[in-house]
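Student: Below you will find the structure I want to go over with you.
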Amino acid sequence: MRSTKIVTSFIKDNEKLLILKRSNKVKSMKGLWAGISGIIENNEPPLKRAKIEIFEEAGIIEEDITLIKSAEEMRINSPQYENHEWEIFPFLFESKNPTVKLNWENSEFKWINVEELENYETVPSLQKVLFNLL
């Protein structure tokens, strides 16, 4: 089975959680809500990739985030590719009143309460990834 290593990060501000809606310009999971995700390149440390993705996708600099928790790597079967799985490295960060500036990968963002996540059409297993961090 082929696998792709990715990071998925969540940012909390008080009791609110940042979720992003994937744009129609990305290759996969168009229009679905997600955390901040990205493919780990080469052998870079997952935490380093998580911070890069947070800056690229949400415009939040490393100095404005604090790592609260990371969870064990999770393996999730990819619904769109046969014989393929995602190796997900989950992270939860905190930030106080950050200014979010989206890039082309996402079309909108929302700050929600954790229990509201089930009301959104999300990328596969997003709740499972998040609950491993809470």
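The values are calculated or read from the model by the stated rules, or taken from the named source; none is laboratory data. Note that the structure is predicted; figures quoted are calculated from it, not measured. Cβ sites come from the backbone with ideal geometry, for glycine too, and all protein chains shown count toward neighbours. Each accessible area value is taken on the protein alone, full model and side chains, heavy atoms only, with ligands, DNA and RNA left out. Shrake-Rupley method; radii C 1.70, N 1.55, O 1.52, S 1.80 Å.
Student: What's the total number of residues in segment 22-39 that are touching a helix residue (DSSP H, G or I) at 6+ places or on another chain (Cβ under 9 Å), part of a strand (DSSP E or B) and crowded, with 16+ Cβ neighbours inside 10 Å?
Tutor: Number satisfying all stated conditions: 5.
Student: Within segment 73-94, which residues are open to solvent by 60 Å² or more (accessible area, probe 1.4 Å), more than 16 Å from L133 (Cα to Cα) and either part of a strand (DSSP E or B) or among the aliphatic types (A, V, I, L, M) (or both)?
Tutor: N77
Student: Shifting gears a bit: Go through segment 2-18 and give me each residue that's part of a strand (DSSP E or B) and at pLDDT below 95.
Tutor: Passing the criteria: R2, S3, T4, K5, I6.
Student: Could you pull out the residue among N97, N42 that is in a loop (DSSP other than H, G, I, E, B) and without any contact (Cβ under 8 Å) to a residue 24 or more places away in the chain?
Tutor: Step by step, each of N97, N42 is checked, and only N42 is in a loop (DSSP other than H, G, I, E, B) and without any contact (Cβ under 8 Å) to a residue 24 or more places away in the chain.
Student: Now, a different point. Quick check: anything in segment 51-62 assigned to a loop (DSSP other than H, G, I, E, B), out of contact with any Leu (no Cβ under 8 Å at 6 or more places or on another chain) and within 17 Å of I6 (Cα to Cα)?
Tutor: Scanning segment 51-62 turns up no residue that is assigned to a loop (DSSP other than H, G, I, E, B), out of contact with any Leu (no Cβ under 8 Å at 6 or more places or on another chain) and within 17 Å of I6 (Cα to Cα).
Student: I19 passes all but one of (1) surrounded by 22 or more Cβ atoms within 10 Å (Cβ to Cβ); (2) of a type in the set (A, V, I, L, M); (3) free of Cβ contacts under 8 Å to residues at least 60 places away in the same chain; which number fails?
Tutor: (3)
Student: Looking at L102, L67, L134 in this structure, which one is of a type in the set (A, V, I, L, M), open to solvent by 70 Å² or more (accessible area, probe 1.4 Å) and either more than 25 Å from N43 (Cβ to Cβ) or assigned to a helix (DSSP H, G or I) (or both)?
Tutor: When all the criteria are applied, what remains is L134.
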